[in-house]
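Some notes on the structure that comes next.
The values are calculated or read from the model by the stated rules, or taken from the named source; none is laboratory data. The structure presented is a predicted model; accordingly, all values stated were derived computationally and were not measured. Positions of Cβ are generated from backbone atoms using ideal geometry, with glycine treated the same way; all protein chains shown enter the neighbour counts. What goes into the accessible areas is simple: the full protein's heavy atoms, side chains included, and nothing from ligands, DNA or RNA. Shrake-Rupley method; radii C 1.70, N 1.55, O 1.52, S 1.80 Å.
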Amino acid sequence: MNRRAFLSLIGGAAGWPVAASAQQPAMPVIGLLHPGSPEANTKYVAGFRRGLGETGYVEGRNVAIEYRWGHGEGGRLPELAADLISRRVTVIVTPGGVAAALAAKSTTATVPIVFVTGSDPVRDGLVVSLNRPGGNVTGITSMNSGLGAKQLGLLHQLLHRDARFAVLVNPDNPQSQSVITDVQAAASAMGQQLELLAATTNRDISLAFRDAVQKRADALLISADPLFTSRPVQLATLAARHVMPTIYAIREFAEVGGLMSYGSNFTDLFRQAGTYTGRILKGEKPVDLPILQATKFELVVNLQTAEALGLDVPATLLALADEVIE
């Protein structure tokens, strides 16, 4: 081989790694948009990653995730959604309620969006139907925002007497009015009094418990709002401090000392969101993925908390429980 041919061969070989690297597909990027904080959602995000894993995707190996957290400031969601779009994410996941989902939808009509909300996504304007969502949006609904009447009934069964109930909502949440309507109707049907409490910030939550005591509420229902579901320890602590029998939407409250919870399993909802996200990364379209609806709702009762509150939980209520914490 002459010198010119040898140098030509070496020069060509030097370009091989570059060419091979250029041919490798770029790693897809998921944008996760949530109104809460990472600290309060560690367990749920683990569920999301588990769902991704079921479709063959592992964060850091063959998919990247860009996290954007609102830290309780819902007004920042549109800005955070726009930032994700500017970073050319492959899909946006909004597992923290309807406000985040609407912020993402208003930002893009092309990037796929997978939501987790607690209400009817058709009524909220996210999709056109449950079976054929239409557009670039699909997801999962826990239906937790429609459980207020059932939760109030469980509180009434626990106290087994006439009582003055209170319900805590976040008026900044588009779902709050439907929650109020449902709970008011349920209280009226039972012949019970109902007080409305509002909180839009962390400080408001503490004030709401004081208001409940001042209004002589006998028990409290906390709605399934991201502002509240991301603060199980704070809410359980406040309920204990004010000796207020309280029912929550997710089991984590009862696990950390809350009296009672009734609702769908949030960790599993995040897992389902991960599965849908993986399917989209593999090429499926949101329009072909029907809205998943929670069908199982768990009742968890914490007997230790009941005893501390001086409550005798009826055997009929314990018989309904999926789990009793002793």
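Contact annotation: residue pairs with Cβ atoms under 6 Å, 6 or more positions apart or on different chains, pairing a residue in the stretch 285-299 that is in contact (Cβ under 8 Å) with a residue 12 or more places away in the chain with a partner that is among the aromatic types (Phe, Trp, Tyr) and part of a strand (DSSP E or B), are Leu299/Tyr262. Can you tell me which residue in the stretch 199-226 is farthest from the chain's Cα centre (by Cα), limited to those that are more than 14 Å from Val167 (Cβ to Cβ) and among the hydrophobic types (A, V, I, L, M, F, W, C)? Residue satisfying both the conditions and the ranking: Val213. When the stretch 92-121 is filtered for residues that are outside any helix (DSSP H, G or I) and surrounded by fewer than 22 Cβ atoms within 10 Å (Cβ to Cβ), the ones remaining, listed by number, are Thr108, Ala109, Thr110, Val111, Asp120. Within the stretch 171-181, the set of residues being farther than 12 Å from Ala224 by Cβ and either open to solvent by less than 60 Å² (accessible area, probe 1.4 Å) or acidic (Asp, Glu) (or both) comprises Asp172, Ile180. Candidates are the residues of the stretch 254-282 that are part of a helix (DSSP H, G or I) and aromatic (Phe, Trp, Tyr); the one that is most open to solvent (accessible area, probe 1.4 Å) is Phe266. Tell me which residues, restricted to the stretch 185-222, are open to solvent by 40 Å² or more (accessible area, probe 1.4 Å) and β-branched (Val, Ile, Thr). Within the stretch 185-222, Thr200, Thr201, Val213 meet the criteria. Out of all the residues in the stretch 305-324, is one or more at pLDDT below 95, open to solvent by less than 60 Å² (accessible area, probe 1.4 Å) and not in a strand (DSSP E or B)? No, that holds for no residue. When the criteria are applied in full, Thr237 fails the requirement of being open to solvent by 20 Å² or more (accessible area, probe 1.4 Å), out of contact with any His (no Cβ under 7 Å at 6 or more places or on another chain) and over 16 Å from Ala40 (Cβ atoms). Checked against the criterion of being out of contact with any Leu (no Cβ under 8 Å at 6 or more places or on another chain), modelled with pLDDT of 95 or more and closer than 28 Å to Ser223 by Cβ, the stretch 84-104 has no qualifying residue.
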